[in-house]
Amino acid sequence: MRIRELAEAKEDGLALWAVKSKNSRGRERPEEPDPIRTAFQRDRDRIIHCKSFRRLKHKTQVFIAPLGDHYVTRLTHTLEVAQIARTIARALNLNEDLTEAVSLGHDLGHTPFGHWGEDTLNELYREGFRHNEQSLRIVDLLEKDGRGLNLTWEVRDGIVSHSKSGTAVLGKDWGTVGTLEGEVVKISDMVAYINHDIGDAVRAGILKESDLPAQAVKTLGNRHSARINTMVSDIIMSSWDARVVDIMREKPRIQMSPGVLAAANLLRDFLFERVYTPSTGRVDAADAKNVIYFLWEYFKKHADELPPEVRLHADTAERGAVDYIAGMTDQYALRLAEEIRGKGNSKL
């Protein structure tokens, strides 16, 4: 028996609603199975080894190209999401490999300059820009010199369905995911960012720990680790039905208890008001918008300078400009804008 088949046989012991890799809906382009790795393990490895994943280390989460060494980047955020999601998936006896693959791929399409970059591209591009859709576009089309990664349906669904910007945690606009593993990643993403973004905001001098809403602190804890532990433990206990093997049950939900959910939403709303939104008047946000505007105007007029894999899948100059800018790191975008201006293109 092949090693992969042994791994697939172990998955038979997972919870009823867990996705078994041998039952995957498959890939858009059929491939021969790997002799060692399951389909989801293979997807995880493809994501880790792709260029977009490497670039996450130079894309900051909230604070733009900071000088400090301890600010969260998209890469460290991604690893935190993967750790939290795997903990929950293991406790609920779901498929850890699928959970990890979705976690590692969920933010591949994030722009430089964090939320500010995404909001600016969404403002400029007439079809709108959403980083989850860009993540899917990357794994489907842009990676591997325009061939894409050819991932399984379940991983692709988890990647495109993870985003919930502007909606309450588990609220009416939270959206659905095709697998419980994808739902675990979606809620783990929230657990990770509302906690580490507090630390970054304190580090940057925008917040003090004492500014946090008292009720949220009382419910979740007064330290980073305590808050994460409270949330993760609560998600596991509130979602325990996912472990139950009962063929008559309806599909369970990944959820939180009312008290912890209310505290999480309180903390999230506080961060949007004090840290994420343009009304905070942050200088770095204004600089980021200016760089995105400049690069957008330049590459709309100079589409011939876009990389080949971008030109291959861009039906318009605007689409190509979006794909190229979204893939940039903070430092590369700043450096490229400066180089272009240095060649006499300060006014386009």
Helices (runs of 4 or more DSSP H) (entirely within the range 139-227) containing at least 3 residues that are under 30 Å from R319 (Cα atoms): 143-146, 153-160, 180-203
Selection from the range 320-348 of residues that are assigned to a helix (DSSP H, G or I), free of Cβ contacts under 8 Å to residues at least 24 places away in the same chain and surrounded by fewer than 17 Cβ atoms within 10 Å (Cβ to Cβ): R335, E338, E339, G342
Residues of the range 119-168 satisfying the condition of being among the acidic types (D, E) and open to solvent by 50 Å² or more (accessible area, probe 1.4 Å): D119, E123, E127, E133, D145
Which numbered condition Y71 fails, given (1) free of Cβ contacts under 8 Å to residues at least 60 places away in the same chain; (2) of a type outside the set (A, V, I, L, M, F, W, C); (3) over 21 Å from L136 (Cα atoms); (4) in contact with a helix residue (DSSP H, G or I) (Cβ under 8 Å, 6 or more places away or on another chain): (1)
Number of positions in the range 104-138 that are of a type in the set (A, V, I, L, M, F, W, C), at pLDDT 95 or above and not in a helix (DSSP H, G or I): 2
Flag for T111 being among the polar types (S, T, N, Q), farther than 14 Å from A18 by Cα and open to solvent by less than 10 Å² (accessible area, probe 1.4 Å): yes
Every residue from the range 1-38 that is loosely packed, with under 15 Cβ neighbours inside 10 Å and among the small types (G, A, S): A9, G13, G26
Unique match (being under 30 Å from R46 (Cβ atoms) and free of Cβ contacts under 8 Å to residues at least 24 places away in the same chain) among G175, G205: G175
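The values are calculated or read from the model by the stated rules, or taken from the named source; none is laboratory data. These numbers come from a predicted model, not from an experiment. Positions of Cβ are backbone-derived with ideal geometry, glycine not excepted, and every protein chain shown enters the neighbour counts. Only protein heavy atoms, including side chains, enter the accessible area calculation; ligands, DNA and RNA are left aside. Shrake-Rupley method; radii C 1.70, N 1.55, O 1.52, S 1.80 Å.
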